[in-house]
Amino acid sequence: MNETEPIIKIEGVCRTFGTLEAVSCVSLDIYPGEVVVIIGPSGAGKSTLLRCINKLEPIDAGRIFIDGVSITEAPNINEIRAEIGMVFQLFNLFPHLTALDNIVLAQRVVRRRDRTEAEDIAHRQLAKVGIAEKWDSYPSQLSGGQQQRVAIARALAMNPKIMLFDEPTSALDPEMIKGVLDVMLDLAQEGMTMVVVSHEMGFVRAAADRVVFMDNGAVIEDTTPKDLFEAPKHERTKLFLS
């Protein structure tokens with residue numbers, strides 16, 4: 001896997017908010033088919049770094065490349081964003097649209113697909129995430145876990161090369177978490193490149209190729225799940241895991 005070029009290349013990226021350095025000179029390579037989980041305490045810069053990857057957050061220094069193209073210099077960021085699916089903590093579904101129409105909309109606007117093709121893909125993706133029968137339900141009629149699965153289906157319908165997950169289970173009740181993590185586990189096993197900000201250590205053990213531990217905006221450790229849990233190198237990591 002690592003013989004190829006990185007699909008995401010992060011070089012010396014910094015992002016500040018006033019006097020707070022949320023992301024502090026982070027460099028990271030992520031390869032096609034890898035599942036990289038970013039963990040760390042609240043305020044460590046994990047979500048900010050994730051948002052920088054598709055330029056939802058501007059960077060103050062450094063460069064980010066997606067599949068060899070610099071997002072910092074790209075004339076059309078939307079072309080690059082079309083290759084990146086993002087799933088947020090809160091589901092960001094349109095409340096006035098059914099599950100199906102939430103998935104169809106971006107396909108029509110960004111991928112320029114006709115209605116029939118977009119609906120066909122939407123139905124397939126809803127089946128993939130295990131809620132085929134909910135196609136005509138509105139977000140208010142769905143549980144949190146079901147809404148998050150619609151959000152994942154919407155992202156997958158765009159045929160992304162990369163999936164970004166920003167704490168996708170943090171707003172869910174405990175009994176809903178497993179269903180969403182199972183969908184993500186299936187994606188990982190299919191070879192989807194994934195960058196996941198999560199506190200779910202079970203998912204880290206089951207799905208991650210690498211774990212990145214961040215604190216105070218910096219990468220403290222970048223290692224395998226086995227080494228992270230059995231032999232963390234840094235005291236800060238040991239303290240976090242304990």
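Computed values, structure above
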read-out	value
The chain: antiparallel DSSP beta bridges as a percent of all, rounded to 5	55
Whole-Å distance, taken between Cα centres, linking region 204-242 and region 1-74	17
Å² per residue, accessible surface of the chain at 1.4 Å	46
Gaussian network model of the chain, Cα within-10 Å springs - most flexible of PRO95, PRO160, PRO232	PRO95
Charged-residue dipole, Cβ positions (Lys, Arg, Asp, Glu), region 69-125 about Cα centre, Debye nearest 20	80
Accessible surface of the chain [probe 1.4 Å, protein heavy atoms]: carbon and sulfur percent	50
Pairs from LYS128/LYS178; LYS9/LYS226; LYS128/LYS226; LYS55/LYS161 whose Cα-Cα separation, in the structure shown, is over 21 Å	LYS9/LYS226; LYS128/LYS226
Computed [θ] at 222 nm, helices only, for the chain once each DSSP H run of length n ≥ 4 contributes -39500 (n - 2.57)	-10500 deg cm²/dmol
Top positive-direction residue, dipole computed over the chain with Cβ charges, set ALA207, THR4, ALA151	ALA151
Residue-by-residue Karplus 3J(HN,Hα) for region 205-219, coefficients 6.51, -1.76, 1.60, Hz, glycine and proline x	5, 7, 10, 6, 7, 9, 10, 10, 9, 10, 8, 6, x, 10, 7
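The values are calculated or read from the model by the stated rules, or taken from the named source; none is laboratory data. Since the model is a prediction, treat every value here as computed from it, not as a measurement. Note that we place each Cβ from the backbone using ideal geometry, even for glycine, and neighbour counts take in every protein chain shown. SASA here: full protein model, heavy atoms, side chains in, ligands and nucleic acids out. Shrake-Rupley method; radii C 1.70, N 1.55, O 1.52, S 1.80 Å.
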